[in-house]
1. Provide a single number: the residues in region 1-39 that are touching a Lys or Arg at 6+ places or on another chain (Cβ under 7 Å) and either farther than 19 Å from Gly80 by Cα or not in a helix (DSSP H, G or I) (or both).
2. Does at least one position in region 50-59 carry a residue that is closer than 21 Å to Leu89 by Cα, outside any loop (DSSP other than H, G, I, E, B) and not aromatic (Phe, Trp, Tyr)?
3. If the Cβ limit is 9 Å and pairs must be 6+ apart or interchain, which residue in region 14-39 that is touching a residue at least 40 places away in the same chain (Cβ under 8 Å) pairs with which residue that is among the charged types (D, E, K, R) and surrounded by fewer than 21 Cβ atoms within 10 Å (Cβ to Cβ)?
4. Give region 92-135 a look and list any residue that's modelled with pLDDT under 95 and hydrophobic (A, V, I, L, M, F, W, C), or say none.
Amino acid sequence: MNKVSNNSEKKIWVLYFAWLVSVIATLGSLYFSEIRGFIPCDLCWFQRIFMYPLVVILGIGTFQSDISVKKFVLPLSILGGIISFFHYLEQKVPGFGGIKPCVSGVPCSSEYINWFGFITIPFLALIAFTLITISMVFLFSKKLK
């Protein structure tokens, strides 16, 4: 196998990894809301708006071996990560909760889960968005070309 096809194969595996992360994140959010009965707050909905399309976009890119989807995925993952980070700060930093008050439903500062004292739902979303963003940056890098 020559170097060109080997690099192309690596790119597809990176794309596949990013798609798998988006699928797990989407299924996790659906598990928390539909099975556990956790009502999503406003910021959770915004994170879903950025995560759910990634499943479709990355899935199409993965199964058609088309890494050009990176230019659509990267902005979605960065914006979703920013929202997740802001949401996590709202939960964990005193005084941050009043910046964007939720107008309906569950307050954005509430924590349905708090594993090990720091892992909350927005933290899990932030990890997923970060992994996807790193994967897309890796696809843009010259090392795989």
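1. Narrowing region 1-39 to residues touching a Lys or Arg at 6+ places or on another chain (Cβ under 7 Å): 7, 29.
From what is left, the residues that are either farther than 19 Å from Gly80 by Cα or not in a helix (DSSP H, G or I) (or both) are 7.
Qualifying residue count, region 1-39: 1.
2. Here is the first cut: in region 50-59, the residues closer than 21 Å to Leu89 by Cα are 50-51.
Those left that are additionally outside any loop (DSSP other than H, G, I, E, B): 50-51.
Subset that is not aromatic (Phe, Trp, Tyr): 51.
Within region 50-59 (the criterion being closer than 21 Å to Leu89 by Cα, outside any loop (DSSP other than H, G, I, E, B) and not aromatic (Phe, Trp, Tyr)), the answer is yes, since at least one residue qualifies.
3. Leu15/Asp66; Ser29/Arg48
4. Val93, Phe96, Ile99, Cys102, Val103, Val106, Cys108, Ile113, Trp115, Phe116, Phe118, Ile119
The values are calculated or read from the model by the stated rules, or taken from the named source; none is laboratory data. Every value quoted in this text rests on a predicted model; they were computed, and no experiment measured them. Reconstructed Cβ throughout: ideal geometry from the backbone, glycine too, with neighbour counts over all protein chains shown.
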